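Everything below concerns the one structure shown next.
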Amino acid sequence: MPEQYDVIVIGGGPAGYPCAIRAGQHKLKAACIDEWRNRDGSFAFGGTCLNAGCIPSKAMLESSELFHRVQHEFAVHGVKVSGVELDLAAMQKRRAQIVNGSRRPGSTDCSRPPA
Ligand SMILES: Cc1cc2nc3c(=O)[nH]c(=O)nc-3n(C[C@H](O)[C@H](O)[C@H](O)COP(=O)(O)OP(=O)(O)OC[C@H]3O[C@@H](n4cnc5c(N)ncnc54)[C@H](O)[C@@H]3O)c2cc1C
C-alpha cells in the first residue's frame with residue numbers, strides 16, 4: 001500500500017530540508033525528495049549549497065587562503081618557510097570530508113521540538 005504523507009517537499013537544499021524538518025517538528029508526516037546525484041552517481045541531500053556551492057567553495061577558499069598567506073604574508077612576521085607546494089588532491093580530499101561530514105545521519109535532528 002502506498003505511503004501517505006501530510007507534506008512532501010521537493011528539493012533537499014537549504015530551502016527544502018528545513019521545511020521538511022519543521023513540518024516533522026509540528027507532528028506532520030513529512031517526506032523530502034531530491035534527485036541530486038554526485039559525479040560518482042550516488043544520491044546526496046543538501047542541494048547546491050552542500051554539494052557544490054557554499055560549503056565546498058568555502059573549504060577550498062580556506063585552503064587557498066592559507067597557501068597564499070604562507071607565500072606572501074609569513075615573511076613579514078619573521079616566519080621563514082621554503083619549499084611550499086600545493087597538493088590539490090589533499091585539498092580536494094579535505095573538501096570532500098567536510099561535505100560528507102555535514103551529511104552524516106544526526107547532523108540534523110528532525111525529532112527536536114520547534115523553537
Ligand atoms: C559556488 C557557490 C557558492 C555559494 N556560496 C554561498 C554562500 O556562501 N552563502 C550563501 O548564502 N549562498 C551561497 N550560494 C548560494 C546557495 O547555494 C543557494 O542560494 C542555495 O543552495 C539555494 O537553496 P535552494 O534549496 O533554494 O536550492 P538548491 O540548493 O539548488 O536545492 C534545490 C534541490 O532541489 C533538487 N531538485 C530540483 N528539482 C527537483 C525535482 N524535480 N525532483 C527532485 N529534486 C529536485 C535539486 O537536486 C537540489 O538538490 C552559493 C552558490 C554557489 C553555486
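The values are calculated or read from the model by the stated rules, or taken from the named source; none is laboratory data. Not measured: the values here are computed from a predicted model. Backbone-built Cβ (ideal geometry, glycine too); neighbour counts: all protein chains shown.
For (1) outside any strand (DSSP E or B); (2) over 18 Å from the mean Cα position of the chain (by Cα); (3) acidic (Asp, Glu), each residue gets a yes or a no:
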residue	(1), (2), (3)
Pro2	yes, yes, no
Ile8	no, yes, no
Asp40	yes, no, yes
Ser57	yes, no, no
Leu61	yes, no, no
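Would you be able to tell me the number of residues in region 42-61 that are more than 8 Å from the ligand (Cβ to nearest atom), in the same structural domain as Gln92 (by TED's automatic domain parsing) and free of Cβ contacts under 8 Å to residues at least 12 places away in the same chain?
Within region 42-61, residues that are more than 8 Å from the ligand (Cβ to nearest atom), in the same structural domain as Gln92 (by TED's automatic domain parsing) and free of Cβ contacts under 8 Å to residues at least 12 places away in the same chain number 1.
Which pairs turn up if I take residues in region 89-115 that are part of a helix (DSSP H, G or I) and look for partners that are at pLDDT below 90 with beta carbon separation below 8 Å, at least 6 apart in sequence or on another chain?
Pairs found: Gly101/Ser107.
Among the residues of region 1-41 satisfying the criterion of being on the phi > 0 side of the Ramachandran plot and within 16 Å of the ligand (Cβ to nearest atom), which is surrounded by the fewest Cβ atoms within 10 Å (Cβ to Cβ)?
Selected residue: Gly41.
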